[in-house]
Amino acid sequence: SVPRTRILATGGASHNKKILQVLSDVFSAPVYTIDTANSACLGSAYRAIHGLVAETNVSLADVVKLAPEPRLAVTPTPGAEEV
């Protein structure tokens, strides 16, 4: 795994802690979720805003600074990388 890697989970499965735990253990990375309905639409909206302000040289990172902060859902189970 890459240092400082984290997984951002969205959609229906992001409400299932067991699925999130498997992701965390397999990729040896913490999994974060956001409490926003239709998060795929939210991502599209941020890209649209970025397109609208593209002429002002505003980066996508600056646009998404207003996004809700993801919350930590699960961390890798100790020893999972051995499996």
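The values are calculated or read from the model by the stated rules, or taken from the named source; none is laboratory data. Fair warning: this is a prediction, and the values are worked out from it, not measured in the lab. Note: ideal-geometry Cβ built from the backbone for every residue, glycine included; neighbour counts use all protein chains shown. Heads up: the accessible areas ignore ligands, DNA and RNA and are worked out on the full protein's heavy atoms, side chains in. Shrake-Rupley method; radii C 1.70, N 1.55, O 1.52, S 1.80 Å.
Assorted remarks:
- Residues located in the stretch 35-50, provided they are open to solvent by 50 Å² or more (accessible area, probe 1.4 Å) and part of a helix (DSSP H, G or I): Ala40, Cys41, Ser44, Arg47, Ala48, Ile49
- Meets criteria (open to solvent by 50 Å² or more (accessible area, probe 1.4 Å), modelled with pLDDT of 80 or more and touching a helix residue (DSSP H, G or I) at 6+ places or on another chain (Cβ under 8 Å)) for Thr56: no
- The stretch 11-34, subset in a loop (DSSP other than H, G, I, E, B) and in contact with a helix residue (DSSP H, G or I) (Cβ under 9 Å, 6 or more places away or on another chain), residue nearest to Arg71 (Cα to Cα): Ile34
- Any hit, the stretch 19-33, residues being at negative phi, modelled with pLDDT under 85 and open to solvent by 80 Å² or more (accessible area, probe 1.4 Å): no
- Exclusive hit being surrounded by 13 or more Cβ atoms within 10 Å (Cβ to Cβ) and of a type outside the set (S, T, N, Q), set Val63, Val83: Val63
- Test: residue in the stretch 71-80 that is out of contact with any helix residue (DSSP H, G or I) (no Cβ under 7 Å at 6 or more places or on another chain), of a type in the set (Gly, Ala, Ser) and without any contact (Cβ under 8 Å) to a residue 24 or more places away in the chain: yes
- Residue among Pro68, Pro3, Pro76 that alone is modelled with pLDDT under 85, outside any helix (DSSP H, G or I) and open to solvent by less than 80 Å² (accessible area, probe 1.4 Å): Pro68
- Sole exception among (1) part of a loop (DSSP other than H, G, I, E, B); (2) surrounded by 11 or more Cβ atoms within 10 Å (Cβ to Cβ) for Leu8, by number: (1)
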